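Here is the structure we will look at.
The values are calculated or read from the model by the stated rules, or taken from the named source; none is laboratory data. Everything quoted here is computed from the prediction, not taken from an experiment. We place every Cβ from the backbone using ideal geometry, glycine too, and count neighbours over all the protein chains shown.
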Amino acid sequence: MHDYLTGGFSANTTLTHYCQENGLLLHMHRTMHVVIDRLKNHGIHFWVLAKALRMYGGDHIHSVTIVGKLEGERDITLGFVDLLLDDFVEQDRSLGIYFTQDWVSLPGVLPVTSGVIHVWHMPIIREACKWSPGLAAACEEWKEIVFNFAAVDVLHK
């Protein structure tokens, strides 16, 4: 795992080449994004960071879910997932994609989530609580916890 935001261009490219030459998957993290995520005027949107990651050549990105606690609007999350995965991304202002983008043969990056979901947002987890007492106890502990904040990453309409 490598934090590509703090790694910088040279380290990211070097690590990508090393992993490709040695048959390793490169899981990129975006820890530094948590620091800049709450600043509304920092000038760097995650769409830009997602595109940079794809150009670096990472295989996975530690990402968020649509029902996560760290990201902005649902449509923004769907939009940058398209930017990471699809070879051709049509303009769709509802997803924050302001112009058509053709990635040609540049490989995509698989968004991978880990720990950024609230357990009560996921029906499959609630269903699993019926046969797992440990999971049921953990979910009960988290039941009253809420994440109330204004979304930072919002579509400019």
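One line per residue, one yes/no per condition, for (1) modelled with pLDDT of 85 or more; (2) over 24 Å from Gly7 (Cα atoms):
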{"position": "Asp59", "(1), (2)": "yes, no"}
{"position": "Gln91", "(1), (2)": "yes, yes"}
{"position": "Tyr98", "(1), (2)": "yes, yes"}
{"position": "Pro107", "(1), (2)": "yes, no"}
{"position": "Val119", "(1), (2)": "no, yes"}
{"position": "Pro123", "(1), (2)": "no, yes"}
{"position": "His156", "(1), (2)": "no, yes"}
message = Would you confirm whether or not the stretch 6-29 contains a residue that is crowded, with 16+ Cβ neighbours inside 10 Å, closer than 14 Å to Pro111 by Cβ, modelled with pLDDT under 85 and in contact with a helix residue (DSSP H, G or I) (Cβ under 6 Å, 6 or more places away or on another chain)?
response = no
note = In the stretch 72-113, anything among the charged types (D, E, K, R), touching a Ser or Thr at 6+ places or on another chain (Cβ under 8 Å) and under 14 Å from His45 (Cβ atoms) is listed as Asp75
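Tell me, which residue of the stretch 85-115 that is not aliphatic (A, V, I, L, M) and not in a loop (DSSP other than H, G, I, E, B) is nearest to Gln20 (Cα to Cα)?
Applying the first criterion (not aliphatic (A, V, I, L, M)) to the stretch 85-115 yields 86-88, 90-94, 96, 98-103, 105, 107-108, 111, 113-115.
Applying the additional criterion that residues be not in a loop (DSSP other than H, G, I, E, B) yields 88, 92-94, 101-102, 111, 113.
Numbers: Phe88: 24, Asp92: 33, Arg93: 35, Ser94: 36, Gln101: 25, Asp102: 23, Pro111: 19, Thr113: 23 Å.
My answer is Pro111.
Would you pick out the residues in the stretch 1-33 that are outside any helix (DSSP H, G or I) and free of Cβ contacts under 8 Å to residues at least 12 places away in the same chain? Before you say what the answer is, go through the steps one by one.
Taking the stretch 1-33 as the starting set, the residues that turn out to be outside any helix (DSSP H, G or I) are 1-3, 22-30.
Asn22, Gly23, Leu24, listed by residue number.
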task = Name every residue in the stretch 93-107 that is in contact with an Asp or Glu (Cβ under 8 Å, 6 or more places away or on another chain) and surrounded by 15 or more Cβ atoms within 10 Å (Cβ to Cβ), in order of residue number.
result = Leu95, Gly96, Ile97, Trp103
task = Could you tell me which residue of the stretch 125-154 is surrounded by the fewest Cβ atoms within 10 Å (Cβ to Cβ), considering only residues that are small (Gly, Ala, Ser) and modelled with pLDDT of 75 or more?
result = Gly134
message = Checking the condition modelled with pLDDT of 85 or more, within 18 Å of the chain's Cα centre (by Cα), among the charged types (D, E, K, R) and farther than 26 Å from Tyr18 by Cα, which residue from Asp82, Asp75 passes?
response = Asp82
